Amino acid sequence: MNSPRAGLRFAAVVFGIICLGHLWRLLGHVDVRISQLNIPEWPSVAAVIGAGLISVWLWRLSMKLDRA
């Protein structure tokens, strides 16, 4: 488990799950409430884009390590 490739792939999967969770919130119009504060949906849009891009980037980086 000391492989950089395994670490990059694990991180890519974690970010992918985060991306899917926020996408589920957006598509299902799930309300998030903390105490009396409603959290708007726009942070989930940013999270889908950010986590999705990081996930793809890490996965592609791990693929480059396979070729090296």
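The values are calculated or read from the model by the stated rules, or taken from the named source; none is laboratory data. The structure displayed is predicted, hence computed values, not measured ones. Cβ coordinates were reconstructed from backbone atoms using ideal geometry, including for glycine residues, and neighbour counts include every protein chain displayed. Just the protein is used for accessible areas: all its heavy atoms, side chains included, with ligands, DNA and RNA removed. Shrake-Rupley method; radii C 1.70, N 1.55, O 1.52, S 1.80 Å.
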Carbon plus sulfur, as percent of the 1.4 Å-probe accessible area of the chain, comes to 71
Skip the ligands, DNA and RNA, and give the accessible area per residue of the chain with a 1.4 Å probe, whole Å². 78
Calculated [θ] (222 nm, deg cm²/dmol) that DSSP helices of n ≥ 4 give over the chain, each run adding -39,500 (n - 2.57): -26500 deg cm²/dmol
Within the range 40-61, what residues put their amide N at less than 14 Å from the label point 7 Å along the Cα-to-Cβ vector of residue 27? 48
Derived scalar couplings ³J(HN,Hα) [the range 29-40; Karplus, 6.51 cos²θ - 1.76 cosθ + 1.60; whole Hz; x for Gly, Pro]: 6, 7, 7, 10, 10, 10, 6, 9, 9, 7, 8, x
If one builds a Gaussian network model of the chain from Cα atoms under 10 Å apart, the most fluctuating residue listed among 20, 53, 37 is 37
Considering only 45, 32, 13, give the residue with the highest GNM mean-square fluctuation for the chain, with springs between Cα atoms whenever their separation is below 10 Å. 32
